[in-house]
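See structure below.
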Amino acid sequence: MTDMNIRNDEAPVIRIRDLSIAFGTHVVLDGFDMTLAKGEDLVVLGKSGSGKSVLIKCIIGLLSPDRGSIRVLEDEVTEMDHPALDRMRSRVGFLFQSNALYDSMTVRENLEFPLRRHWITLSQGEVDDMVMEALTNVGLAETVDLMPSELSGGMRKRIALARTLILKPEIILYDEPTTGLDPITSRGISDLMVEIADKYKTSSVIISHDMRCVERTSERIIMLIDGKCYRTGTYAEMSRSDDPAIMPFFQ
């Protein structure tokens, strides 16, 4: 089923058409279509191994598809060289499932890293202000000089989100943002994602198996089944479906 953008007539910030990728004989995505509207929070839902994480790695150019078009902020990702990919990634935040914090760096140094990575020319005072703003946004300003090993799982997730936010991305890709967290902490992360979207007017693609997170954060859901966009709709619409391929996710 072809994905339909139901939000507005403005050009989508992500448009994917006929995306296909296989690893050996294993086909992961098979003619997948998707659009993400500006300001929209979209959840991609599917079974483990269905290709959700492969999808977002294709979006930011970490994997190259066998076929198809990926347009991000109106530029074609599949045609980008490394400098162009770096420029695009400075506008698209990626929250890794593992958080990907550097254990040998303090929280401050972890947040400074993307600023150095993208060769942004700033004074140390400007860097300090940006670090503290990002930490304040996730409620952890007091952790600035701690090491990741001194933080709880939920705090590390918030620090990873702060690092994603420091470049003020237009799009955020979330890969299983609540995996491994207890229900209370998971709810807090989900609430924080909604707050960030409201505050910064970001667009989001969210990969999650946590149905409480899906319900809290999604404006629209895409069902990724057999490598294709099988169906799209709101949480309420999906939860009422009598389709045997969709029902198990909402029971």
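Read-outs throughout are calculated quantities, based only on the coordinates presented, and are distinct from any laboratory measurement. Just so you know, these numbers come straight off a predicted model, no measurement behind them. Counting neighbours? That spans all protein chains shown, and the Cβs are built from the backbone with ideal geometry, glycine included.
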Completion exercise
Listing 209, 82 by rising number of other beta-carbon atoms within 10 angstrom, fewest first, gives 82, 209
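Sorting 221, 184 on the 10 Å Cβ count, fewest up front, what's the list?
184, 221
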Practice task
With label points built 7 Å along Cα→Cβ from the Cα atoms of residue 78 and residue 124, find their separation and express it in nm.
Solution key: 4.8
Handout entry: GluC sites (Glu not before Pro) within the range 1-106: DSSP coil, no more than 14 neighbouring Cβ in 10 Å
Key = 10, 74
Problem - Structure-based [θ]222 nm, the chain - -39500 (n - 2.57) summed over DSSP H runs of at least 4, per residue, nearest 500 - result: -10000 deg cm²/dmol
Practice task
For the range 163-235, just the Cα set please: Rg and Dmax, both in angstrom.
Solution key: 12.7, 36
Fill in the blank from the handout: Rg/Rh of the range 1-152 (Cα atoms, Kirkwood Rh), to two decimals, equals 1.02
Problem - Charge dipole magnitude, Cβ of K and R +1, D and E -1 - the chain, Cα centre, debye nearest 20 - result: 240
Handout entry: Gain upon complete extension [residue 145, residue 11; 0.36 nm per residue less C-alpha separation]
Key = 44.1 nm
Completion exercise
Out of 27, 107, 44, a Gaussian network model of the chain with alpha-carbon springs under 10 Å gives the largest mean-square fluctuation to 27
Exercise for the section: At 7 Å along the Cα-to-beta-carbon direction for both residue 91 and residue 23, put a label point, then send me their distance in nm to one decimal. Expected result: 3.0
Completion exercise
Site residue 109, offset 7 angstrom along Cα→Cβ, radius 19 Å on amide nitrogen, limited to the range 137-153, gives 142-152
Fill in the blank from the handout: Of 78, 234, 25, the most mobile residue in a GNM of the chain (C-alpha springs, cutoff 10 Å) is 25
Handout entry: Rounded FRET efficiency, nearest 0.05, which uses the C-beta distance separating residue 243 from residue 30 and R0 of 22 Å
Key = 0.70
Handout entry: Residues 174, 200, 230 arranged by fewest to most Cβ contacts within 10 Å
Key = 200, 230, 174
Exercise for the section: Would you work out which of 166, 193, 181 lies farthest towards the positive end of the dipole of the range 159-199, given +1 charges on the beta-carbon of Lys and Arg and -1 on that of Asp and Glu, about the Cα centre? Expected result: 166
Practice task
Give the whole-number value, in cubic angstrom per residue, of the convex hull volume spanned by the C-alpha atoms of the range 130-185.
Solution key: 88
Fill in the blank from the handout: note: the range 1-90, Cα-Cα separations exceeding 18 Å make up a percent value of 44
Handout entry: Calculated Rg and Dmax of the range 112-205 using C-alpha coordinates, Å
Key = 13.4, 41
Problem - Residues with amide H under 5 Å from that of residue 94, placed H, sequence gap 5 or more - result: 173
Handout entry: For q = 0.11, 0.16, 0.21 Å⁻¹, Debye-computed log10 I/I(0) when each Cα of the range 61-130 counts as one equal scatterer
Key = -0.38, -0.73, -1.02
